[in-house]
1. Would you check if I24 is among the hydrophobic types (A, V, I, L, M, F, W, C), part of a helix (DSSP H, G or I), surrounded by 12 or more Cβ atoms within 10 Å (Cβ to Cβ) and under 27 Å from the mean Cα position of the chain (by Cα)?
2. Considering only residues that are under 16 Å from the mean Cα position of the chain (by Cα) and among the polar types (S, T, N, Q), which ones fall in segment 71-127?
3. Is it the case, given these coordinates, that I64 is at pLDDT 85 or above, out of contact with any helix residue (DSSP H, G or I) (no Cβ under 6 Å at 6 or more places or on another chain) and crowded, with 16+ Cβ neighbours inside 10 Å?
4. Within the group K73, K86, which residue is over 27 Å from A215 (Cα atoms) and either charged (D, E, K, R) or at pLDDT 85 or above (or both)?
5. Check segment 48-61 and report whether any residue there is outside any loop (DSSP other than H, G, I, E, B), more than 25 Å from A148 (Cα to Cα) and among the aromatic types (F, W, Y).
6. Please work out which one of (1) surrounded by fewer than 13 Cβ atoms within 10 Å (Cβ to Cβ); (2) hydrophobic (A, V, I, L, M, F, W, C); (3) at pLDDT 85 or above is the condition F117 fails and give its number.
7. So is I34 within 21 Å of V146 (Cα to Cα) and either in contact (Cβ under 8 Å) with a residue 60 or more places away in the chain or surrounded by 13 or more Cβ atoms within 10 Å (Cβ to Cβ) (or both) or not?
8. Which of (1) touching a strand residue (DSSP E or B) at 6+ places or on another chain (Cβ under 9 Å); (2) loosely packed, with under 11 Cβ neighbours inside 10 Å; (3) not β-branched (V, I, T) does E41 not meet, given it meets every other one?
Amino acid sequence: MNKKWFPYVILAPGLILFVIFTGIPIFYTLLGSITYNGTTELLSNVITLLEDSLLLKSIWNTIIILALYLLMKIPIAFLLAYFISKLSKIERFVLTIIFIPTTIGNFAYGVIFRFLFSNNGFVSSFFQSMGFSVEFLSNPFLSKLVIAIALFVSSFGTMTLFLLLAIKNNISKDLVDLSEIDGIGVIDKFKKIYIPLLKPLISLFVLFSVIETVALIELPMQLTQGGPNNSTITIGYYIYNQAIKYGHFSYATFISLLISLILIAILLSSRSFKQRGYVYEER
């Protein structure tokens, strides 16, 4: 075989699979956002989008859930990775315990957290026994918080694992020892060593968390069905309802395409993935 054509022959199977399983679905997604059953739906979809107050509410709900999710995930995963890196004999055991929850799917977590936080659930009953009447899934904010907690429990182990590997492999022990000799405290070490060196990885997980929250369907479906008063309906759940529940396939495809373009724009405009060097300042 001619060496000139050998790379193309090697790449051909992967390229064919990409076209079949990625290229063709993308084409039909673009087509479905414009037409449906041979009728042009683009103008109708745009008008519906501009008048759709529930879509705006789902975007706002998603932003709140994402903020609560990140406020838990980033600091807790970071601190866990830091303290596990200080362990030696039981490091693998602790990491295994932390990573186990990530093997359970969101659908199962929806069932578990509904059992815990429903009006007659274990957590609600505990608060009632203490003299507090708290209905987690009937409160607009608390229901968002429960979804964010469930999302956090299902995914923080992965971030902890990667942060631990980054701490052990990318942060020089000599640099940490030198900072301790200079009398730098734990908080200053976080600010001047750990956070700057781990910022690209943290930024990557923030991006993954945004995508994960935007596409979230199972947890609000299992826990609240979007209630109370549509306060927990996310973008992904809203698109699911438009396509599956109401049969508005063209409009659902149009929204999906628009959200995908927004996420791609955020990715391309972000500069957080560039590695920034750290300069240790001598005292």
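The values are calculated or read from the model by the stated rules, or taken from the named source; none is laboratory data. Computed from a prediction, not measured in an experiment: that's the story for all the values here. All Cβ positions, even for glycine, are placed from backbone atoms using ideal geometry, and neighbour counts span all protein chains on display.
1. Criteria not met by I24.
2. T102, T103, N106 - these are the residues of segment 71-127 that are under 16 Å from the mean Cα position of the chain (by Cα) and among the polar types (S, T, N, Q).
3. For I64, the condition - at pLDDT 85 or above, out of contact with any helix residue (DSSP H, G or I) (no Cβ under 6 Å at 6 or more places or on another chain) and crowded, with 16+ Cβ neighbours inside 10 Å - is not met.
4. K86
5. Within segment 48-61 (the criterion being outside any loop (DSSP other than H, G, I, E, B), more than 25 Å from A148 (Cα to Cα) and among the aromatic types (F, W, Y)), the answer is no, since none of the residues qualifies.
6. (1)
7. no
8. Answer for E41: the failing condition is (2).
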